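For reference, the structure is listed below as structure tokens.
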Amino acid sequence: MEKIKKRVLITGSRGILGRALVERLKAKYKIAALTHKNCDITDSKKVAAIFARFKPEIVIHSAACTDVDECQRDPRKAYAVNAQGAVNIAKSCASLGAILIYISTDYVFSGKKKTPYRETDATGPLSIYAKSKLMAEKSVRRLVKRHIIVRTSWIFGKGRKGFLNNVLSWAKSKKRLKIVSDKYSSPTSADDLAAALDRIIIRMGGNGWKDRFFGTYHITSSGFCSWYGWARYALKNVKAKVRLEPIGMAQMGFAARRPPFSALDNSKYKKTFGIGLRPWQKAVKEYIKCVCN
Ligand SMILES: NC(=O)c1ccc[n+]([C@@H]2O[C@H](COP(=O)([O-])OP(=O)(O)OC[C@H]3O[C@@H](n4cnc5c(N)ncnc54)[C@H](OP(=O)(O)O)[C@@H]3O)[C@@H](O)[C@H]2O)c1
């Protein structure tokens, strides 16, 4: 007899992480892949109706307004999508008893620390984007008992542009590039993060979803670098002849402030689930091989 597949609902399924999640999980689970077009998460009635129809057992909430500067310019939209959208998703999860995995960000921290942030460190959001994502975390904790909050950083993969895809495309057309050298975090492979989330579902499901495993986890590729270091590594790998110049965040005129150092300590995830993600350099190298050949 064929095994009944678990029902997993993924929001933001056209985004960088959402695509990787659908790709990773589609063979094992019955998937509802929500897009902005088929379900605006700010529409609570629509969200509730879709949940009532599909009856997800697990929800991965990845949709968000992720343009940090746009969020700064349009706070109403940022809070509606990132904060209220998460409330709508969380309420629907609570009413069905679904497990909620919420994707959050390293930007919830102020970036003043000199070593990678742990889950227990105090938050200190610097921008509207960060504040709206932190509000979402708080709502998820309040509304859904069986939740997992995954904070991650600098996701790269197929799909929308993103920093790495931009650098690879500039490498073909530009001779000089000015890249920020005073902002540090961890480039994180969307495919590797999707595999980590899959591992959480397998391990926790296999253990009968024990209460002690729910909570907040930091999950990124291993190691960290500046945007400049990331670009230099990528350009070296495509053998691009581009002159790279470091520039400070202050000179960029960004609308939103970013934490200068927001690498995340992954030891809780590694200890709980047995294995961490590979170094960011390995993941970037493999991604470049895949998209540039
Ligand atoms: N990218 C990063 O570096 C990074 C770092 C840390 C944490 N995160 C978090 O990780 C998650 C995934 O990021 P990502 O890079 O995959 O983001 P992404 O590529 O920007 O994808 C986000 C998706 O959300 C959708 N969306 C936006 N507004 C929506 C709405 N009102 N209703 C329904 N869907 C909506 C977008 O659709 P449209 O494009 O059609 O609007 C898009 O497909 C996000 O929660 C983000 O905050 C990302």
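Just so you know, all these numbers are worked out from the coordinates, no wet-lab data involved. The structure displayed is predicted, hence computed values, not measured ones. A quick note on method: Cβ atoms are made from the backbone with ideal geometry, for glycine too, and the neighbour counts reach across all protein chains shown.
Sequentially through segment 50-64, phi angles give Karplus couplings (6.51, -1.76, 1.60; θ = phi - 60°) of 5, 5, 5, 6, 7, 6, x, 8, 10, 10, 10, 9, 10, 5, 6 Hz, Gly and Pro residues having no value and appearing as x. Here's the picture: a label point sits 7 Å out from the Cα of residue 199 along the beta-carbon direction, and within segment 256-276 the residues with their amide nitrogen under 20 Å of it are 263-276.
Amide H contacts of residue 278 (H built 1.01 Å from N, in plane; Pro and chain starts excluded): 222 sit under 5 Å, all sequence-distant by 5 or more or on other chains. Relative to the Cα centre, the charge distribution of segment 1-111, modelled as +1 at Lys and Arg Cβ and -1 at Asp and Glu Cβ, gives a dipole magnitude of about 680 debye.
Taking amide H positions as modeled 1.01 Å from N, with prolines and chain starts lacking one, the residues under 5 Å from residue 104 and 5 or more places away or on another chain are 150, 151, 152.
Computed extension gain for residue 239 through residue 158, at 0.36 nm per residue and net of the alpha carbon distance, reaches 27.1 nm. With the simple model of a label 7 Å out from the Cα in the direction of the Cβ, residue 73 to residue 27 spans 4.3 nm. Considering only Cα atoms, the convex hull volume of the chain works out to 134 Å³ per residue.
Cβ-Cβ distance of residue 182 and residue 52, R₀ of 51 Å, FRET efficiency by 1/(1 + (r/R0)^6): the value works out to about 0.60. Dipole orientation for segment 216-288: of the candidates 225, 254, 242, 242 has the Cα lying most toward the positive pole (charges on Cβ; Lys, Arg +1; Asp, Glu -1).
Helix 190-206 and the longest principal axis of the C-alpha atoms of the chain enclose an angle of approximately 30°. Within a straight-line Cα-Cα reach of under 16 Å, residue 114 can be paired with the following lysines, leaving aside sequence neighbours fewer than 8 residues apart in one chain: 183. Residues whose amide H falls under 5 Å from that of residue 215, counting only those 5 or more places apart or on a different chain, are 147, 148, 149, with hydrogens built in the peptide plane.
Placing pseudo-labels 7 Å out from each Cα toward the beta carbon at residue 172 and residue 249 gives an inter-label distance of 3.1 nm. Just checking the listed ones, 234, 122, 194: in the Gaussian network model of the chain with Cα springs under 10 Å, the one fluctuating most is 122. Neighbour counting of Cβ atoms within 10 Å sorts the residues 173, 181, fewest neighbours leading, into 173, 181. In the chain, the DSSP beta bridges split such that about 5 percent are antiparallel, to the nearest 5. Residues considered: 144, 87, 242. Largest GNM mean-square fluctuation over the chain, using C-alpha springs under 10 Å, is found at 242. Using all pairs of distinct alpha-carbon atoms, the Kirkwood hydrodynamic radius of segment 151-286 works out to 16.3 angstrom. For segment 1-157, the convex hull spanned by the alpha carbon atoms encloses 125 Å³ per residue. Dipole magnitude for the chain: computed about the Cα centre from +1 point charges on Lys and Arg Cβ and -1 point charges on Asp and Glu Cβ, it is near 480 debye.
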